[in-house]
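Below is one structure, written out as structure tokens; comments come after it.
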């Protein structure tokens, strides 16, 4: 079946630190992979995506590379800001109508 | 502005009292979904709809109903709510973009059933 596993949080970093949030997946076929971000009190927003192996998604300084050989899609940012504090969800879309499967979310706290 | 709206944003109700959470999108998307978000479990799909009058169960459909009479609206109905349906609910809509579906989420409805 299809599933997503991401590292548990919370992750607490100081401003300007390097961020990695691990995400691995299990899927049949060739899924598309996504990172969504949820700010407090809001819905999920698409952060970045990758649709095939070796694609790199990027947005707002965040990056993730679709690694088929390791079934991973780790989220990275070189220098986090306080405004990046949020919950981050890894997701895959597969099958008919690209059904979405979400990880459990990782809360990021960035301290000044 | 392209958006998905949900109402109400917050709701406290009692066991057994029927309720409806509305969802509307203005992007002419064919595909719509309902999810519930619970701590440590991420988002789990309740129901989805591929188009008007076409709906199907997601992963956790028990205790919920939906309808899709118009393309823009996809209400979630709890006929007899129970405390285990206390959760944060999100509606989402999506359309294919170069073969990939991107989901757009509403702001969420926090439901408490006592």
Query raised in the report: For labels at residue A:14 and residue B:73 in the simple 7 Å Cα→Cβ model, what's the distance in nm?
Result: 5.5
Report summary line: chain B: relative contact order from alpha carbon pairs under 8 Å, six or more residues apart, as a whole percent, is 35
Report summary line: The Cα radius of gyration of the stretch A:1-95, divided by 2.2 N^0.38 Å with N its residue count, comes to 1.05
Query - Gap separating the Cα centres of the stretch A:73-91 and the stretch B:1-57, nearest whole Å - result: 26
Query raised in the report: How big is the C-alpha Rg of the protein assembly as shown next to the rule-of-thumb value 2.2 N^0.38 Å, as a ratio?
Result: 1.01
Report summary line: A student asked for the Cα radius of gyration and Dmax of the stretch B:61-114 in angstrom ought to give 13.6, 45
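Since every read-out is calculated from the coordinates, none of them should be taken as a lab result. Please read all numbers here as calculations on a predicted model, not as lab measurements. Neighbour counts run over all protein chains shown; Cβ positions are idealised from the backbone, glycine included.
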